[in-house]
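Structure, as structure tokens:
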Amino acid sequence: MKWLALPVLAVALAACGTAPKKSPSPSATGGAVRPSPTAPSPTVAGKDCSRYAPARENLATRGDYTAGGLYKPGVSDTTPDHVPDLDCIREPVVTAEARSRVGNKSPYSVLGKQYRVLDRVDGYVEQGTASYYGNKFHGRRTSNQEVYDMYAYSAAHKSLPLPSFARVTNLDNGKSVVVRVNDRGPFHEGRVIDLSYAAAVRLGITQRGTGRVEVRALTPDDSTLATAPAPSAMDHLVGRLPQDTARYHVPAKPGDAPSAAGFEAWMKANGVRVASGKPGASVASPVSSVASPPQPVQAATAPAGAAAESASPPSALQLQVASFSSRDNADRALARLAAAGIVDARLSDVPGQGRTLWRLRVGAPDVATAEVLAGRIASLGFGRPQVVRE
């Protein structure tokens, strides 16, 4: 980071080990200086989302900073006087952005310790402690000269390029969120990421102040997902789905886990067709025997692998639900979505490091529809899916 080159420079962030204190949001604001790119607040019936417009620079947060140090190290951080309405806050869409002209110097030094910025994010996965930051930094310039917005899903990281994207998962409760990394920090030992206040609320770590998380870098082409270790976390999750053998219409002893053949029989009995990378495969779709909620969201289907044929063009907007190392688990997850009325789900085979992963995606025609679909998918136990563009 160019600590000495610029008179007004982004700060090195390090949140406290406990939750910030409560206080009213700062009100002294100045003119706009590169607000952090934030998706427009969705229109939610009966809710006022106007307070979640992108933050503007707060001129009162300038100064009180020494190059190579921290911003106001003796001043405690605080949280806003209300818990943000997460229905009004959208996850960032993972896109390929050029690196910021500032904030990516490598190596750089903070508090006498040297850090390096990654050349590439492909394959970056790390587990550790996450912290978060709030009012003290709201409206202050970040390390790449944007404006920190505690009501947007963003984060500070020591080594990921600015800007970049990552999925952060709470290892204690399974909740996850996609964040846009546009700041540097945290610089407390043992912490891997500093989350915005909204992201911390989403993950459920605001009460303790910190949480055990996994940070996984994301790219638009999902190359990081294609190299995930086997078996994947979603393999384990789907493997723990309720084992109700009566649903599979095949003889089984009480308590027995259904076999792949048994589950295939259940899918055939319920009219669920599976899309795959095999020629002639078709999109999974439920028929009248499969219960579905009223007015399921319709979206264009995505291609199901290099060998698959599709009659309709792929939707530009996709929800990345999960990647599986087990085809059986991938089929089960696909059928679970179909049974819930989410009909435009599709599997595609993704070559990995000496093996194949199965990627489960759902198409959406627009951002608003994607938000609705993401909520429905998350309610099925998959975690909130990542929004990607083809």
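Worth pointing out:
- Of all residues in region 167-178, none are charged (D, E, K, R), within 16 Å of Ser36 (Cβ to Cβ) and in contact (Cβ under 8 Å) with a residue 12 or more places away in the chain.
Residues checked against (1) surrounded by fewer than 23 Cβ atoms within 10 Å (Cβ to Cβ); (2) under 11 Å from the mean Cα position of the chain (by Cα); (3) within 30 Å of Ala67 (Cβ to Cβ); (4) at pLDDT 95 or above:
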residue: Ala152; (1), (2), (3), (4): no, no, yes, yes
residue: Ala156; (1), (2), (3), (4): no, no, yes, yes
residue: Phe165; (1), (2), (3), (4): no, yes, yes, yes
residue: Tyr197; (1), (2), (3), (4): no, no, yes, yes
residue: Thr206; (1), (2), (3), (4): yes, no, no, no
residue: Val215; (1), (2), (3), (4): yes, yes, yes, yes
residue: Pro220; (1), (2), (3), (4): yes, no, no, no
residue: Pro229; (1), (2), (3), (4): yes, no, no, no
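- Condition met for Leu59 (in contact with a Leu (Cβ under 9 Å, 6 or more places away or on another chain) and either of a type in the set (A, V, I, L, M) or not assigned by TED's automatic domain parsing to the domain that holds Thr169 (or both)): no
- Qualifying residues in region 116-134 (those that are surrounded by 23 or more Cβ atoms within 10 Å (Cβ to Cβ) and over 15 Å from the mean Cα position of the chain (by Cα)) - the one nearest to Leu59 (Cα to Cα): Gly134
- Any pair with Cβ under 9 angstrom, 6 or more apart, that starts in region 198-217 at a residue that is in contact (Cβ under 8 Å) with a residue 60 or more places away in the chain and in a strand (DSSP E or B) and ends at one that is of a type in the set (Phe, Trp, Tyr) and surrounded by fewer than 22 Cβ atoms within 10 Å (Cβ to Cβ): Val215/Tyr124; Arg216/Tyr124; Ala217/Tyr124
- Index of the failed condition, Glu189 passing every other in (1) in contact with a Cys (Cβ under 8 Å, 6 or more places away or on another chain); (2) at pLDDT below 90: (1)
- Selection status of Glu146, surrounded by 14 or more Cβ atoms within 10 Å (Cβ to Cβ), under 25 Å from Gly190 (Cβ atoms) and among the acidic types (Asp, Glu): no
The values are calculated or read from the model by the stated rules, or taken from the named source; none is laboratory data. What you see is a predicted model, and the numbers here were worked out from it, not measured in a lab. All Cβ positions, even for glycine, are placed from backbone atoms using ideal geometry, and neighbour counts span all protein chains on display.
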